[in-house]
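> There's a structure below that I have some questions on.
The values are calculated or read from the model by the stated rules, or taken from the named source; none is laboratory data. In this text, all values refer to a predicted model and were calculated from it rather than measured experimentally. No Cβ is skipped: glycine too gets one built from the backbone with ideal geometry, and neighbour counts run over all protein chains shown. Ligands, DNA and RNA are stripped out before the accessible areas are found, and what is left, the full protein with its side chains, is counted by its heavy atoms. Shrake-Rupley method; radii C 1.70, N 1.55, O 1.52, S 1.80 Å.
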Amino acid sequence: MGIGSFFRGNQATQAEKKAIERKCGAQRTALHTCREAYSDGDAKSACAGLELQMMHCACTVVCKDVAREYEKCVNESTSHHRYHYTTECQDVVAKMKKCMAKKGIVI
């Protein structure tokens, strides 16, 4: 998978693209592998946690404030033993998606 496969347009700088590639390579590989393994249509639910990890990793490069907000939400939720990636912190996840869309990053 090359750099271009998660980027649309030129909103993210080349330096940001390279930083995401370098920092998030393991998450990206895991997500790609999951999607290939569940290519029968179940990838959305089966790979949701990996998608979230990849999104968060990319946000730590291009949407730092939102990434910190997500980390805070997860930390607060886990300290109360209630965190689950499909239910908790969805408002912050929506902010991460919006920020990444502005940067032309597609997970």
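> What does the charge add up to near Lys44, with Lys and Arg as +1, Asp and Glu as -1, over the other residues with Cβ less than 12 Å from its Cβ?
-2
> Subtract the Cα-Cα distance of Lys23 and Thr87 from 0.36 nm times their separation in residues, and report this length gain in nm to one decimal.
Stretched out fully, the Lys23 to Thr87 stretch lengthens by 20.4 nm.
> Would you pull out the residues with amide H under 5 Å of Ile105's amide H, same chain only if 5 or more places away, H placed 1.01 Å from N?
Those qualifying (amide H under 5 Å, at least 5 residues apart or on another chain) are Arg8.
> In Å², and per residue, what accessible area does the stretch 31-107 have when probed at 1.4 Å with the other protein chains present?
For the stretch 31-107, the per-residue accessible area is 58 Å².
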